[in-house]
Amino acid sequence: MEQISTEDFQIIDNCLMIRLPEEVDHHRAGYICENADRLLMRDEVRNIVFDFENTRFMDSSGIGIIMGRYRKIECFGGRVYAIHADRQIRRIFLISGLNKIVEVLE
Amino acid sequence: MMQKGKEEKKSFTCHGGMQMTAGQGYQNEMEITFDAISDNEAFARVAVAAFVTHLNPTLEELSDIKTAVSEAVTNAIIHGYENIHGYSRSDGGRPADEIIHEGKVTIHCVLDKDLLHIDVSDQGIGMEDIDQAMEPLFTTRPELERSGMGFAFMEAFMDELEVESAPNQGTTIHMTKKIGVGDWIDSEE
Ligand SMILES: Nc1ncnc2c1ncn2[C@@H]1O[C@H](COP(=O)(O)OP(=O)(O)OP(=O)(O)O)[C@@H](O)[C@H]1O
Ligand SMILES: [Mg+2]
C-alpha cells in the first residue's frame with residue numbers, strides 16, 4: 001500500500017498544499033487531518049489546495065476531510081481549491097454539494 | 001431467490017474457457033467475512049470489484065461499486081461497531097487507551113447474469129430510525145467529521161438500495177447494480 005509522507009503537506013506562500021494519497025478513505029483520513037491541522041495552525045496559511053493527481057479513489061470520508069479543513073479557514077476568509085481532480089472525484093463533489101465550497105481548477 | 005441454472009457456479013474462481021456472456025443464465029456467488037477495522041476497507045471494495053471484472057465493467061461502474069461498498073463497510077466499522085478511528089490494529093500512532101471493539105463485517109455477492117447483488121452486514125448497534133439515517137447530511141457522528149453523505153452515495157452509485165436494521169440487531173445493506181450498461185457519463189457530457 002502506498003505511503004503518505006510529510007512532503008505531501010507543504011506551505012507555499014499563503015497556501016497549504018495537500019497531495020492526497022491514491023485512496024482517500026476512512027482508514028487514511030486520520031493521518032491526513034492530523035498533518036493538515038498541524039500546519040493549518042501556522043499564521044501564514046490562508047488557503048488550502050487539495051491535489052488529487054495521485055488519487056484514484058475517494059468516498060464520503062474525503063468529503064469530511066475537505067469540509068472539516070474548510071471550516072478551519074473560512075472564518076479568516078480562506079478558500080479551498082482542488083487540482084487534478086478526475087471525473088469520478090468531480091462527480092463526488094457534485095453529488096455531495098461540495099462543488100459549492102471547493103473551486104475545482106483545471 | 002436466485003434461480004439455479006445449468007451454468008451456475010459457486011466459487012471465487014472463474015474457470016477458463018467459459019464465456020461469461022450475459023443472457024446465458026450465468027451465476028456466481030461469493031462471501032467474505034473480515035474484522036471490523038479500517039485496514040480492511042480497501043481490501044473489501046477491491047474484492048468486490050475483482051469479482052465482477054470478467055463482465056468488462058466500465059471504469060465508472062467499477063468506481064461506483066467501490067465507493068458504494070466502501071460506504072457500507074465504513075459505516076459498519078464506524079457506526080455498527082464504533083471502531084471510529086481510521087487506523088489499523090498495529091498502528092503505532094493510535095492512542096494507547098483506544099479500544100477496538102470486536103466485530104465482523106460480511107459481504108455477500110451474487111452475480112446473476114449482469115446483475116450484481118451486494119449485501120453488507122454487521123451485528124453491531126443497528127439503527128432506530130432508518131429513514132432519518134438515510135437522509136442526506138444526516139449523521140450521528142459530526143464530531144468525527146462524518147458528512148452524512150454515505151447513503152446518498154450508495155443511492156447515487158447503485159441502482160437499488162435497501163436497508164434492514166433494528167437497534168442492537170445489526171444492519172444489512174442490500175444493493176443492486178446492472179453491470180455493462182455503458183459509459184453513461186460520456187453520453188451525458
Ligand atoms: N451499519 C450501521 N450501523 C449503525 N448505524 C449506522 C450504520 N450505517 C449508518 N448508520 C447511521 O446512519 C447515519 C448516516 O450514515 P451515512 O453513511 O449516510 O453518513 P455518515 O456515515 O454519518 O457520514 P459519511 O458517510 O458521510 O462519512 C450514520 O451517522 C449512523 O448514525
Ligand atoms: Mg457513512
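Observations on the structure shown:
- Each residue in segment A:42-92 was checked for being hydroxyl-bearing (S, T, Y) and either more than 16 Å from A:L16 (Cβ to Cβ) or at pLDDT below 95 (or both), and 3 pass.
- Within segment B:99-121, considering residues that are closer than 18 Å to B:D159 by Cα and not aliphatic (A, V, I, L, M), the one farthest from ligand 1 (Cβ to nearest atom): B:K113
- Search result, residues across segment A:81-106 that are among the small types (G, A, S) and either part of a loop (DSSP other than H, G, I, E, B) or under 15 Å from B:S147 (Cα atoms) (or both): A:A85, A:S96, A:G97
- Checking every residue in segment B:72-82 against the condition of being at pLDDT 95 or above, closer than 21 Å to A:D59 by Cβ and either away from ligand 2 (no atom under 16 Å from the Cβ) or of a type in the set (D, E, K, R) (or both) gives zero matches.
- Single match in B:E128, B:E135 (criterion: within 13 Å of ligand 2 (Cβ to nearest atom), loosely packed, with under 15 Cβ neighbours inside 10 Å and more than 13 Å from every other protein chain (Cβ to nearest Cβ)): B:E135
Let's see how each residue does on (1) within 25 Å of B:F157 (Cβ to Cβ); (2) within 16 Å of ligand 1 (Cβ to nearest atom); (3) within 11 Å of chain B (Cβ to nearest Cβ); (4) of a type outside the set (S, T, N, Q):
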{"position": "A:L16", "(1), (2), (3), (4)": "no, no, no, yes"}
{"position": "A:L20", "(1), (2), (3), (4)": "yes, no, no, yes"}
{"position": "A:L39", "(1), (2), (3), (4)": "no, no, no, yes"}
{"position": "A:V45", "(1), (2), (3), (4)": "no, no, no, yes"}
{"position": "A:E74", "(1), (2), (3), (4)": "no, no, no, yes"}
{"position": "A:R79", "(1), (2), (3), (4)": "no, no, no, yes"}
{"position": "A:S96", "(1), (2), (3), (4)": "yes, yes, yes, no"}
{"position": "A:I101", "(1), (2), (3), (4)": "yes, yes, no, yes"}
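- Consider segment B:138-152 and keep the residues that are in contact (Cβ under 8 Å) with a residue 12 or more places away in the chain and surrounded by fewer than 24 Cβ atoms within 10 Å (Cβ to Cβ). The one that is nearest to B:M175 (Cα to Cα) is B:F151.
- Within segment B:47-74, the set of residues being within 14 Å of chain A (Cβ to nearest Cβ) and assigned to a loop (DSSP other than H, G, I, E, B) comprises B:P57, B:T58.
- Residue that is within 6 Å of ligand 1 (Cβ to nearest atom) and over 20 Å from B:I65 (Cα atoms), where the choices are B:G124, B:G148: B:G124
The values are calculated or read from the model by the stated rules, or taken from the named source; none is laboratory data. Values in this document were obtained by computation on a predicted structure and should not be read as measured data. FYI the Cβ positions are ideal-geometry reconstructions off the backbone, even for glycines, and counts take in every protein chain you see.
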